[in-house]
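The values are calculated or read from the model by the stated rules, or taken from the named source; none is laboratory data. No experiment lies behind these values; they were computed from the predicted model shown. Reconstructed Cβ throughout: ideal geometry from the backbone, glycine too, with neighbour counts over all protein chains shown. These accessible areas exclude ligands, DNA and RNA; they are computed on the full protein's heavy atoms, side chains included. Shrake-Rupley method; radii C 1.70, N 1.55, O 1.52, S 1.80 Å.
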Amino acid sequence: VSARPTIFVYLPPIGAQEVFFSLQDEEGNPFYYTILKVPPEGGTIGVTLPPEAPALQLGKNYLWYFAPLEPGGILRPDNYAVTGWVKRVESTVNEQGFAASPVELATAYAKAGIWYDTLKVLAEAK
């Protein structure tokens, strides 16, 4: 639903201090990329597209890519990485009806199949 979603990725404790994150449109054109500082002990990392990033367009698919960088900022073709797809959709959930209960809002998003927003609401509630 969000024009600038938060994408959550689990990073194992491999000692990486930086990761490369990118987003491409369906045709493989670069849409957004950045290098982020991460804790070397890893954990669940949330990457939110910042206000200066372009907004995702409704109905379009985007491929995201998340890879730890080696010391010196090196990204090799055989680096460990995780990828996934995100698609911005119209909300079918009345967010105002759940203002007092983030868990109920997350449940409504999950029932509607809106996974990225479900995770974001739960992470913020935690």
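Each residue in region 13-39 was checked for being open to solvent by 50 Å² or more (accessible area, probe 1.4 Å), under 16 Å from residue 64 (Cβ atoms) and polar (S, T, N, Q), and 2 of them qualify.
Examine region 68-83 for a residue that is among the hydrophobic types (A, V, I, L, M, F, W, C) and more than 29 Å from residue 16 (Cα to Cα), and state whether such a residue exists.
Step one: list which residues in region 68-83 are among the hydrophobic types (A, V, I, L, M, F, W, C), which gives 69, 74-75, 81-82.
Now restrict to residues that are more than 29 Å from residue 16 (Cα to Cα): none.
No.
May I ask you to verify whether residue 70 is open to solvent by 20 Å² or more (accessible area, probe 1.4 Å), farther than 21 Å from residue 113 by Cβ and touching a Lys or Arg at 6+ places or on another chain (Cβ under 9 Å)? Reasoning before the result, please.
Working: open to solvent by 20 Å² or more (accessible area, probe 1.4 Å): yes; farther than 21 Å from residue 113 by Cβ: yes; touching a Lys or Arg at 6+ places or on another chain (Cβ under 9 Å): yes.
Answer is yes for this residue.
Okay, residues lined up against (1) modelled with pLDDT of 90 or more; (2) surrounded by 12 or more Cβ atoms within 10 Å (Cβ to Cβ); (3) under 16 Å from the mean Cα position of the chain (by Cα); (4) among the aromatic types (Phe, Trp, Tyr):
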position: 48; (1), (2), (3), (4): yes, yes, yes, no
position: 51; (1), (2), (3), (4): yes, no, yes, no
position: 74; (1), (2), (3), (4): no, no, no, no
position: 86; (1), (2), (3), (4): yes, yes, yes, no
position: 90; (1), (2), (3), (4): no, no, no, no
position: 98; (1), (2), (3), (4): no, yes, no, yes
position: 102; (1), (2), (3), (4): no, yes, no, no
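Only one entry in 94, 61, 79 is of a type outside the set (D, E, K, R) and touching a Lys or Arg at 6+ places or on another chain (Cβ under 6 Å), namely 61.
Checking 81, 112 one by one, the residue that is open to solvent by less than 60 Å² (accessible area, probe 1.4 Å), over 21 Å from residue 46 (Cα atoms) and free of Cβ contacts under 8 Å to residues at least 24 places away in the same chain is 112 and no other.
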